[in-house]
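What follows is a short report on a single structure.
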Amino acid sequence: MTHLKILFAACALVFAPSAFAQDWSIAIHGGAGTLSRDDMTAEKEAAYRAALQEALDAGAAILAEGGSAMDAIQAAIVLMEDNPLFNAGRGAVYTWEGENELDASIMDGRDRGAGAVTGVTTIKNPILLADKVRTDSPHVFLMGQGAEQFAEEQGIEKVDPSWFATEHRREALERMKARELSALDVDLKFGTVGAVALDSQGNLAAGTSTGGMTGKRWGRIGDAPVIGAGTYADNRSCAVSATGWGEYFIRVGVAQEICTRLRIAAEREEQELLSTLRRFIGRQKVDASAVRAERAQTTADDVMAEVKELGGDGGIILVTPDGDALYSFNTSGMYRGRTTSSGINEVAIFGESE
Ligand code: ASP
């Protein structure tokens, strides 16, 4: 074998997806926050678990049939938007003025195409409108009345604002006002929804949808519709969807920060491996995908630690180009789930002790 052939063979070994790499994977969240078994009835826990599993199954079914990551995340998010258990679509939290104002964003890892909407009040599934912004408008981010008008022109399903109203969220606003509590005191879990996926074509996608935070005022916008803060996808690094105290996630630029760190690390690794191979030192099998999975978890944990350091809390879900689906949260719990083509299929609510 010529030196060149040896180099190519070694590169193939190192960079090819290992036998453990996934064909496809999906992770979802339904919000993070202070969640303890003691505060939750068995019925409530079962309802959340069933809702998470239903959303996960809808996304996984699309991926298993060879469908796209973009379609899979939307299928999962629409189900959670329609479910009043979550703070997105129906079941959204209330603004200080007693309205439901919805935010959503979506990103395609193939070309970093993105769409986002904020402050909409009549769009049944804001994630679908965000995607329309991506595919059928020259813009990335639309707000309020303009977004509603665009939705009308595009034939996106609208509903009366009362569709989003739920008693438990109104009661949370009233408690907040009566006792002058903060959004966190009144509703110690968040409830935003999100999904990230890798499809069998190797494409990543991320999406997030929310009602924001209870009692938000003055046209407040959180991280969920902000590309780079609550949502990011780039085939070169990862797909991330976040949930938590949005102000901190915007300040840290959480989703993009994680992806950028992973992209730079991957590029550096590629250079280092190539130079090692050129010197014929690295002939032993390197399970590069295991190293990358570990790095993805550490990077996500590091960025979430930064959020915590500033005083914010919440969590993220992440999928890598190798198909690793993981979570990181600095709260006691996060409604979450993941399914991969290698056979992982789980939903979880509380911390690591589960
Ligand atoms: N991140 C959302 C916001 O700040 C809230 C949440 O995740 O529940 O609007």
(message) Test of understanding: express the Cα radius of gyration of the chain as a ratio to 2.2 N^0.38 Å, with N the residue count.
(response) 1.01
(message) Taking θ = phi - 60°, what integer Hz values does the Karplus form 6.51 cos²θ - 1.76 cosθ + 1.60 yield along region 327-336, in sequence order, with x for Gly and Pro?
(response) 10, 8, 8, 10, 9, 6, x, 8, 5, 7
(message) Please compute the alpha carbon radius of gyration of region 146-262, then divide it by the globular-protein estimate 2.2 N^0.38 Å. Two decimals is fine.
(response) 1.24
(message) Between 0 and 90 degrees, rounded to the nearest ten: what's the tilt of helix 42-64 against the longest Cα principal axis of the chain?
(response) 50 degrees
(request) Apply the Karplus parameterisation 6.51 cos²θ - 1.76 cosθ + 1.60, with θ equal to phi minus 60°, to every residue of region 88-102 and state each ³J(HN,Hα) to the nearest whole Hz, in sequence, with x for glycine and proline. (result) 6, x, 5, x, 5, 6, 9, 6, 4, 7, x, 10, 10, 10, 9
(request) Please give the net charge around A104, taking every other residue with its beta carbon less than 13 angstrom from that of A104, where Lys and Arg add +1 and Asp and Glu add -1. (result) -2
(message) Quick check: the angle from helix 144-154's long axis to the longest principal axis of the chain, C-alpha only, nearest 10 degrees?
(response) 70 degrees
(request) Grab the chain and count how many Lys pairs have their alpha-carbon atoms under 20 Å apart, sequence gap of 8 or more, or different chains. (result) 9
(request) Would you work out the charge dipole size for the chain about its Cα centre, treating the Cβ of every Lys and Arg as +1 and the Cβ of every Asp and Glu as -1, and quote it to the nearest 20 debye? (result) 980 debye
(request) Can you check what the net charge comes to around E267, using other residues whose Cβ is under 13 Å from the Cβ of E267 (Lys, Arg +1; Asp, Glu -1)? (result) +2
(request) Take the alpha carbon atoms of region 81-95, find their center, do the same for region 121-158, and report the distance between the two centers in whole angstrom. (result) 18 Å
(request) Provide the net charge surrounding A61, with neighbours chosen by a C-beta distance below 12 Å and charges set as Lys +1, Arg +1, Asp -1, Glu -1. (result) -4
(request) Rank these for me by crowding, S328, S289, going from fewest to most other beta carbons within 10 Å. (result) S289, S328
(message) Taking the Cα centroid of region 209-243 and of region 296-354, what is the distance between the two, rounded to the nearest whole Å?
(response) 16 Å
(request) Specify which residue in the list N125, T166, Q154 is farthest towards the positive end of the charge dipole of region 116-179, using unit charges on the beta carbon of Lys, Arg (+1) and Asp, Glu (-1), about the Cα centre. (result) T166
(request) Using per-residue counts of other Cβ atoms within 10 Å, averaged over each peptide, order 94-102, 166-174 from highest down. (result) 94-102, 166-174
(message) As I understand it, the value is the acute angle between the Cα axis of helix 69-82 and the longest principal axis of the Cα atoms of the chain; what does it come to in degrees, rounded to 10?
(response) 20 degrees
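Here, each number is a calculation from the coordinates, and none is a lab measurement. Keep in mind the model is a prediction, meaning the values are calculated, not measured. Note: ideal-geometry Cβ built from the backbone for every residue, glycine included; neighbour counts use all protein chains shown.
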